[in-house]
Amino acid sequence: MPTFAIAETNKFLKVDMVKGHPVKLLLIHPANKTRTGFLNDHSTRFMPLGLGIVAALTPPHWEVELLDESFEDFTLRPADLVAFTSFTSNAPRAYEIAARYREAGIHTVMGGIHASMFTEEALKYMDTVVTGEAEGAWPEVIADFEAGRIKRLYEGGINDVDKIPHVRREIYKYPYAYDLVQTSRGCPWGCEFCSVTHMCGKIYRERDVEDVLDELEETTRPMVFFVDDNLVNYKKGSDERAIRLFKGMVERGMKKHWLSQAALNFADNEEVLYWARKSGCTIILMGIEAENPEALKDVKKNLNLKRGTGSYETVIKKMHRHGIGILATLIFGMDSDRKEDFMARGEFINKSTLDAYQCTILTPLPGTTLFDRLKEQNRIVLNNYPDDWKHYHFIKATHVTPNMSQDEIESTMHEVWLNLYNKETMRRKMFRTLWNTKSFMTAYWAYASNHNYGRICLEGVPESNVAGSGWKNFKHRLYLKFTDKVIWLIYQLVWTRMIRKISANR
Ligand code: B12
Ligand code: SF4
């Protein structure tokens, strides 16, 4: 008997294991189809790590399948229980798919960041909602479902790191370029625009290094993304822990190229940088946010204020000396920002030795103090929820500032994007990275990151418009065409071959 039929009859009935039917859990990672820039390339499609943990917490008599809409369009497929994870910007799509399953009488569950931050809303569209971490709730959800008494709401809370299981990686049947691994959770800084402190707690919770190394040995891809919010925390002993982790990777002979997220303190200890590079660190994503202290104050980026904006170049230089690149995130649309501040921030990026940059519009994510403040000030303009959540991907202005309208924010941002993500600037940055880091790999990663993010921000803008100011000049045109060919060749040789290899191993 197909499991689909079991589900239809079993919605609130006790699941009868004695009959020996495998029960099927379908995990869904929905994709926001209104913003396809995130989905066009292997390097911007990432495995949903939370669902790998949900799978790991599911008893072995369950069959588990993952449907990732970044790779595959949704089609209604058999399941007894359907579980979603979702960012805010994907929530409307999760609700749309859930409606199809609910119509078919199949029980739907949603967990993850959006469901945790906007629980009342999620409860309207799902049969069950799990807030917080799966580790604290999923075993109970499954037991209750099997017993025919599944509840509407479960609270997973924040758990001891020893409870985190190894991610069940065989569910990732798609050709993801990176394996995602998390070594710590939590952040005490509470920047106004960020949900991490609310979702993951104020205390850094660091996993045991040997356990992380064991999990790393289970990964199959040559590239790893450590998804920690700050790989080297501001906790006593964090440097030593990081060194142990990186040294461990070298000693166990892992040949990985990796990236992660970290703050300015990443460059404090030369030994951390040395072992990071030796273990395969290529680029570090860092929340620079702004070059101007007033803008940092607006969003309570105290971490950078404490160090001072003058420390940026020293940090970059130290990382470069070890061959490590820096992928900076920068925010536009703070309260004090005017058009000239947008342009100045763009110019700062251009002139700085930052290798790659993600320039986004300040966005009030649900559950953040920014959301509460802007809501109270009646400044959120895209607020027809849940539909408007689809615009909360940082590329669209969802609020107004005291100095700028929604249109002004968007058109000025567009100008900044064109200045930074044009072919000429990206090529210049790439050669500069090569010069500064003496690493071909780092230069290529930085270039690829800029290229990808530019494509995401300038989605729909014709290629000729992003060519660069010199596009009309013959010499420049020749130069761009030549470098285009070289980069395409490298892409074919290295990247495409690797993706094919990963696909063949699935
Ligand atoms: C890695 C990461 C990315 C990666 C990969 C994303 C991916 N596919 O997983 C990349 C770089 C692509 C990315 C991009 C973006 N990201 Co991001 N990202 C993260 C980060 C740092 C870690 C996520 C992670 O893997 N954590 C580890 C796993 C284990 O945790 P988890 O997913 O939360 O899962 C746990 C619980 O939530 C729960 N759970 C999760 N799902 C489910 C499902 C069920 C059924 C149950 C029971 C439980 C459950 O249990 C899990 C285990 O405890 C988080 C910050 C953070 N600390 O969470 C931001 C974060 C998720 N990103 C965020 C944002 C805003 C973005 C971007 C919009 C930014 C941008 N414009 O560049 C884009 C959007 C991309 C897109 N495609 O839509 C926000 C999301 C806020 C929100 N309300 O949606 C976060 C929270 C950071 C922040 N600033 O607040 N991101
Ligand atoms: S932006 Fe970074 S430092 Fe600030 S709260 Fe979020 S994770 Fe912590």
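Here are the numbers for the structure shown:
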| item | result |
| --- | --- |
| Residues that are of a type in the set (Val, Ile, Thr) and over 16 Å from Ala295 (Cβ atoms), drawn from the stretch 395-429 | Ile395, Thr398, Val400, Thr425 |
| Criterion (in contact with a Ser or Thr (Cβ under 6 Å, 6 or more places away or on another chain) and at pLDDT 95 or above) met by exactly one of Gly308, Gly287 | Gly287 |
| Residue count for the stretch 160-193, restricted to those that are more than 16 Å from ligand 2 (Cβ to nearest atom) and either farther than 21 Å from Trp445 by Cβ or of a type in the set (A, V, I, L, M, F, W, C) (or both) | 18 |
| Cross-chain or 6+ apart pairs with Cβ under 7 Å, the stretch 93-117 first and farther than 15 Å from Glu69 by Cβ and within 16 Å of ligand 2 (Cβ to nearest atom), then assigned to a strand (DSSP E or B) and at pLDDT 95 or above | Ser116/Thr131 |
| Any chance Ile142 is in contact with a Phe, Trp or Tyr (Cβ under 9 Å, 6 or more places away or on another chain), within 16 Å of Gly52 (Cα to Cα) and either of a type in the set (Ser, Thr, Tyr) or near ligand 1 (Cβ under 7 Å from one of its atoms) (or both) | no |
| Residue match in the stretch 226-234 (condition: of a type in the set (Asp, Glu) and more than 16 Å from ligand 2 (Cβ to nearest atom)) | no |
| Filtered residue count, the stretch 23-69, keeping only those that are aromatic (Phe, Trp, Tyr), more than 9 Å from ligand 1 (Cβ to nearest atom) and closer than 23 Å to Trp389 by Cβ | 0 |
| Residue within the stretch 178-199 that is within 12 Å of ligand 1 (Cβ to nearest atom), surrounded by 18 or more Cβ atoms within 10 Å (Cβ to Cβ) and without any contact (Cβ under 8 Å) to a residue 24 or more places away in the chain present | yes |
| Close pairs from the stretch 214-226: first modelled with pLDDT under 95, partner of a type in the set (Asp, Glu), Cβ under 6 Å, at least 6 apart | Arg221/Asp179 |
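Residues are listed down the side, and each one gets a yes or a no for (1) within 25 Å of Gly186 (Cβ to Cβ); (2) surrounded by fewer than 17 Cβ atoms within 10 Å (Cβ to Cβ); (3) at pLDDT 95 or above; (4) out of contact with any Leu (no Cβ under 7 Å at 6 or more places or on another chain):
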{"position": "Phe118", "(1), (2), (3), (4)": "yes, no, yes, yes"}
{"position": "Ala122", "(1), (2), (3), (4)": "yes, no, yes, yes"}
{"position": "Val129", "(1), (2), (3), (4)": "yes, no, yes, no"}
{"position": "Gly136", "(1), (2), (3), (4)": "yes, no, yes, yes"}
{"position": "Pro139", "(1), (2), (3), (4)": "yes, yes, yes, no"}
{"position": "Ile142", "(1), (2), (3), (4)": "no, no, yes, yes"}
{"position": "Ile150", "(1), (2), (3), (4)": "no, no, yes, yes"}
{"position": "Glu155", "(1), (2), (3), (4)": "yes, yes, yes, yes"}
{"position": "Asn159", "(1), (2), (3), (4)": "yes, no, yes, yes"}
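Listed here are the residues, each with its yes/no results for (1) assigned to a loop (DSSP other than H, G, I, E, B); (2) not charged (D, E, K, R).
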| site | (1), (2) |
| --- | --- |
| Glu140 | no, no |
| Asp144 | no, no |
| Gly157 | yes, yes |
| Leu180 | no, yes |
| Lys202 | yes, no |
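The values are calculated or read from the model by the stated rules, or taken from the named source; none is laboratory data. What you see is a predicted model; the values in this text were computed from it and never measured. Glycine also receives a Cβ, built like all others from the backbone with ideal geometry; neighbour counts cover every protein chain displayed.
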